[in-house]
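Novice: Quick one: this structure, given as structure tokens, is what I'll be asking you about.
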Amino acid sequence: MKLFLDSADCEEVRLAAELGVISGVTTNPTLIAREGKDLRETVRTLATLVDGPISAEVVAEDAEGMIEEGRELAAIHPSVVIKLPIGLDGLRATQVLSRRGIKTNVTLVFSIAQALLAARAGATYVSPFVGRLDDLSANGISLVRGIAEVFTLHGISSEIIAASIRSPQDVADAACAGAHVATVPYRVLLQMAAHPLTDLGLARFRRDWKDAFGK
Ligand code: E4P
């Protein structure tokens, strides 16, 4: 399973990219709004920081608007993937953009049926939202597992991005459930690298070294 960073903060993306573990970036209108910077500028910068797919989400509400926005965003850089919300307009736009050779990421997926529609419309990626389902006492990872089973069973090539990730355990569970990608906030990426036993072990190695050699 690959890891994408779920962020529109260019500094975070730069730091994560330096670790060599990030294969792409996903953004959404909330993340872009949080940074308060122009979407197109941000996408351009992100594409220079990470050598991989950069998802940029459309904000138009109808298929025509989504297609127009999608074409314009895709022209920014070859790495750009157009993120579209599932729904009738999103599906129509996904179908048109993918036929034109533009990569798409269908987002806000909360059921296997929605994932199947997205895949059949030609989506390159489908993004089930794990954490937002868990917030409602549903099981986000079961959804990822179900989509993975259906895609395998029916030879569907769309990749599953486990999104709305809240913890390192979500990442591990998404990997076991068959997601192709987990898109993680920077905070979760930092948590993934840490373990209290790693800290204790390192402190002991350093103390034993110092006790024996005095430096
Ligand atoms: C996915 O691509 C979305 O940007 C994101 O994962 C949403 O996560 P949230 O539920 O933390 O907002």
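The values are calculated or read from the model by the stated rules, or taken from the named source; none is laboratory data. Please read these numbers as outputs of a predicted model, since none were measured by experiment. Neighbour counts are summed over all protein chains in view; Cβ atoms, including those assigned to glycine, are modelled from backbone coordinates with ideal geometry. Side chains are part of the model used for accessible areas, which takes the heavy atoms of the whole protein and leaves out ligands, DNA and RNA. Shrake-Rupley method; radii C 1.70, N 1.55, O 1.52, S 1.80 Å.
Novice: Filter segment 148-173 down to the residues that are open to solvent by less than 20 Å² (accessible area, probe 1.4 Å), within 15 Å of the ligand (Cβ to nearest atom) and under 27 Å from residue 95 (Cβ atoms) and list them by number.
Specialist: Across segment 148-173, the qualifying residues are 158, 160, 161, 162, 163, 164.
Novice: Only one residue in 140, 90 is within 16 Å of the ligand (Cβ to nearest atom), more than 18 Å from residue 23 (Cα to Cα) and touching an Asp or Glu at 6+ places or on another chain (Cβ under 7 Å). Which one?
Specialist: From the options 140, 90, the qualifying one is 140.
Here's the yes/no breakdown for (1) under 15 Å from the mean Cα position of the chain (by Cα); (2) on the phi > 0 side of the Ramachandran plot; (3) polar (S, T, N, Q):
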| site | (1), (2), (3) |
| --- | --- |
| 136 | no, no, no |
| 145 | no, no, no |
| 151 | no, no, no |
| 158 | yes, no, yes |
| 162 | yes, no, no |
| 165 | yes, no, no |
| 170 | yes, no, no |
| 174 | yes, no, no |
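Novice: Please tell me if residue 69 is away from the ligand (no atom under 14 Å from the Cβ) and either open to solvent by 70 Å² or more (accessible area, probe 1.4 Å) or under 14 Å from the mean Cα position of the chain (by Cα) (or both).
Specialist: no
Novice: What are the residues in segment 27-44 that are under 11 Å from residue 10 (Cα atoms), within 14 Å of the ligand (Cβ to nearest atom), more than 16 Å from the chain's Cα centre (by Cα) and not hydroxyl-bearing (Ser, Thr, Tyr), if any?
Specialist: Across segment 27-44, the qualifying residue is only 35.
Novice: Can you name the residue in segment 178-203 that is away from the ligand (no atom under 16 Å from the Cβ) and under 24 Å from residue 52 (Cβ atoms) and is also least open to solvent (accessible area, probe 1.4 Å) among such residues?
Specialist: 178
Novice: To continue, here is another question. Taking the options 47, 33, 56, 16, name whichever one is without any contact (Cβ under 8 Å) to a residue 60 or more places away in the chain, in a helix (DSSP H, G or I) and surrounded by 19 or more Cβ atoms within 10 Å (Cβ to Cβ).
Specialist: 47
Novice: Among the residues of segment 28-48, is there at least one that is within 17 Å of residue 186 (Cα to Cα) and in contact with a Phe, Trp or Tyr (Cβ under 8 Å, 6 or more places away or on another chain)?
Specialist: No: zero hits.
Novice: Taking the criterion of being surrounded by 23 or more Cβ atoms within 10 Å (Cβ to Cβ) and assigned to a loop (DSSP other than H, G, I, E, B), would at least one residue in segment 97-117 satisfy it?
Specialist: No.
Novice: Which of the residues belonging to segment 118-161 are part of a strand (DSSP E or B) and either without any contact (Cβ under 8 Å) to a residue 60 or more places away in the chain or touching a Cys at 6+ places or on another chain (Cβ under 8 Å) (or both)?
Specialist: 126, 128, 129, 159, 160
Novice: For segment 120-137, give me the residue count where each residue is within 10 Å of the ligand (Cβ to nearest atom) and crowded, with 21+ Cβ neighbours inside 10 Å.
Specialist: 4
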